[in-house]
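Following: one structure in structure tokens, then a few remarks.
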Amino acid sequence: MTSPLRLGIAGLGTVGVGVVRILRQQAKLLEARAGRPIEIVAISARTRDKDRGVNLSPYDWEDDPVALARRDDVDVLVELMGGSDGPAKAATEAALAAGKHVVTANKAMLAHHGQALADRAEANGCALRFEGAVAGGIPVVKTLMEGLAGNGMTRVMGVMNGTCNYILTRMQDAGLTYEEAFAEADALGFLEADPELDVGGIDAGHKLAILAALAFGTRCDFDAVELEGIGAITIEDIRQAADMGYRIKLLGVAQMTGRGLEQRMSPCLVPAASPLGQLEGGTNMVVLEGDAVEQIVLRGPGAGEGPTASAVMGDVMDIARGLRLPVFGQPAGTLAAARPANSTVPAAYYLRLQLIDKPGALAKITAILGDAGVSIDRMRQYGHQDTSAPVLIVTHKTTRADLNTALAAVRETDVVLADPVAIRIEEV
Ligand code: HSE
């Protein structure tokens, strides 16, 4: 019999339990496909005495995940604790230092320390795999690293935070305010312990930084991701966007431009009829564009026990089969630091302004836009209240820099009653 692949699992939350379940329920299938048994040797979690709904008694227990990672009888550390630093990073580093492979679903750790960990893994001849870190059950890492390896990638886009997509969809479909939809997501247990990770775009930004490194052969650089969350989106914006044939999505976009690598995670308007526009609820979608393949769209569950465990198991199976790939698709030493570029690609923008309803107010705004070189495509004044006039403007394509110049001047006028809302319209 071929020797078994022996796993140490650190972290027994939703995903960890899902991985244990698959390994128990599908042992024969996995062995047949890998050509060798895959066994759990030892486990570790914060709390030992907790009913997790799965029999963990056959496995050795380790209080310390670093000790788990160093065990002689562990071939692969499966790190499912989460957190960019702390025990997750310590255990991962210990495993790699001991020459063991690591499978992780930890997007924060990869986004912040991906390069250093890749350097270490490759220097020690270890695999470091992270399919579960990006878009849950969607095998997007594998698609980029293997299926699309023959392409020069041109753009990567994604809706990669299911919680935000759920909130925005509920606002759209049920007419809920942001606060009501947020409360509903909270009650359903969708929000991370720190909700800002979700609604601030940070979780999705981590995922984008990882995909950008894979797509463009660059060092993972989360600090260069322009982040904007969904907290400022109002039901009014959702309705107006819908009226013009758009949906608002928290969309990640990474593309290499003449000026450098653009990475942004921000609310965008996308056509309602596009695959991204039709994405409902907590589902994720990744759109990959390459010079040969043109465009492909991957859609699926972005979180949850089964989907994320499925992604983790795909990595475990590759290691069991002996597949060894560079961590980010090319040797870590050849990944170049990309010059960060902030929204240099021009786009049309949706603007919503609350103006004082008096003669010349609108003229002041249009003059400012004109002076900044921002041209108006469409404009509408609607739903007058006593003294205020809501105004919608869709611009022609402009740079974010020119738009920012205009918005700064708009804020200085005596005709705006609230901070202007500006949302990019992404061509998808
Ligand atoms: N909180 C994430 C989401 C799942 O809502 O998609 C884990 O990244």
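The values are calculated or read from the model by the stated rules, or taken from the named source; none is laboratory data. Nothing here was measured: the structure is a model prediction, and the numbers come from that model. Cβ atoms come from the backbone with ideal geometry, glycine included; neighbour counts cover every protein chain shown. Side chains are part of the model used for accessible areas, which takes the heavy atoms of the whole protein and leaves out ligands, DNA and RNA. Shrake-Rupley method; radii C 1.70, N 1.55, O 1.52, S 1.80 Å.
Observations, loosely collected:
- Counting only residues that are touching a helix residue (DSSP H, G or I) at 6+ places or on another chain (Cβ under 7 Å) and either part of a loop (DSSP other than H, G, I, E, B) or aliphatic (A, V, I, L, M) (or both), segment 57-67 holds 2 of them.
- Any hit, segment 32-45, residues being farther than 20 Å from MET81 by Cα and open to solvent by 70 Å² or more (accessible area, probe 1.4 Å): yes
- Enumeration of residues in segment 372-414 that are of a type in the set (S, T, N, Q) and either open to solvent by 50 Å² or more (accessible area, probe 1.4 Å) or in a helix (DSSP H, G or I) (or both): SER375, GLN381, GLN385, THR387, ASN404, THR405
Conditions tested, residue by residue: (1) closer than 21 Å to LEU279 by Cβ; (2) touching a His at 6+ places or on another chain (Cβ under 6 Å); (3) assigned to a loop (DSSP other than H, G, I, E, B); (4) within 16 Å of the ligand (Cβ to nearest atom).
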site: VAL103; (1), (2), (3), (4): no, no, no, no
site: CYS126; (1), (2), (3), (4): no, yes, yes, no
site: VAL141; (1), (2), (3), (4): yes, no, no, yes
site: THR163; (1), (2), (3), (4): yes, no, no, yes
site: LEU168; (1), (2), (3), (4): yes, no, no, yes
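- Filtering GLU196, GLU226, GLU179 for residues that are within 16 Å of the ligand (Cβ to nearest atom), farther than 21 Å from THR143 by Cβ and either out of contact with any Lys or Arg (no Cβ under 8 Å at 6 or more places or on another chain) or open to solvent by 20 Å² or more (accessible area, probe 1.4 Å) (or both) leaves a single hit, GLU196.
- Pair list, Cβ under 8 Å, 6 or more apart: segment 183-210 residue not assigned by TED's automatic domain parsing to the domain that holds VAL156 and assigned to a helix (DSSP H, G or I), other residue within 11 Å of the ligand (Cβ to nearest atom) and at pLDDT 95 or above: none
- Residue pairs meeting the criteria (Cβ under 6 Å; at least 6 apart or on separate chains; first closer than 19 Å to GLN26 by Cα, in segment 303-327; second open to solvent by less than 30 Å² (accessible area, probe 1.4 Å) and part of a loop (DSSP other than H, G, I, E, B)): PRO307/GLY136; PRO307/GLY137; THR308/ALA105; THR308/GLY136; SER310/GLY137; ALA311/GLY137; VAL312/ALA105; ILE319/ALA127
- Failed condition for THR92, given (1) within 19 Å of ILE40 (Cβ to Cβ); (2) in contact (Cβ under 8 Å) with a residue 40 or more places away in the chain: (2)
- Among the residues listed as ASP221, ASP243, ASP291, the single one being without any contact (Cβ under 8 Å) to a residue 24 or more places away in the chain, more than 20 Å from VAL199 (Cα to Cα) and open to solvent by 40 Å² or more (accessible area, probe 1.4 Å): ASP243
- Lone unmet requirement of (1) surrounded by 21 or more Cβ atoms within 10 Å (Cβ to Cβ); (2) assigned to a loop (DSSP other than H, G, I, E, B) for ALA88: (2)
- Identity of the residue in segment 199-211, out of contact with any Cys (no Cβ under 8 Å at 6 or more places or on another chain), open to solvent by less than 40 Å² (accessible area, probe 1.4 Å) and of a type in the set (A, V, I, L, M, F, W, C), that ends up nearest to ASP186 (Cα to Cα): LEU208
- Condition check for LEU214: open to solvent by less than 50 Å² (accessible area, probe 1.4 Å), out of contact with any strand residue (DSSP E or B) (no Cβ under 7 Å at 6 or more places or on another chain) and touching a residue at least 60 places away in the same chain (Cβ under 8 Å): yes
- Tabulated pairs, segment 149-164, first within 27 Å of ASP198 (Cα to Cα) and open to solvent by less than 20 Å² (accessible area, probe 1.4 Å), second more than 16 Å from the ligand (Cβ to nearest atom) and among the charged types (D, E, K, R), C-beta under 9 angstrom, 6+ apart or interchain: VAL156/GLU289; MET157/GLU289; MET157/GLU426
- Residue-level check: of (1) in a strand (DSSP E or B); (2) within 16 Å of the ligand (Cβ to nearest atom); (3) surrounded by fewer than 16 Cβ atoms within 10 Å (Cβ to Cβ), GLY281 misses just (1).
- Any hit, segment 294-316, residues being touching a Leu at 6+ places or on another chain (Cβ under 6 Å), buried (at least 17 other Cβ atoms within 10 Å of the Cβ) and part of a helix (DSSP H, G or I): no
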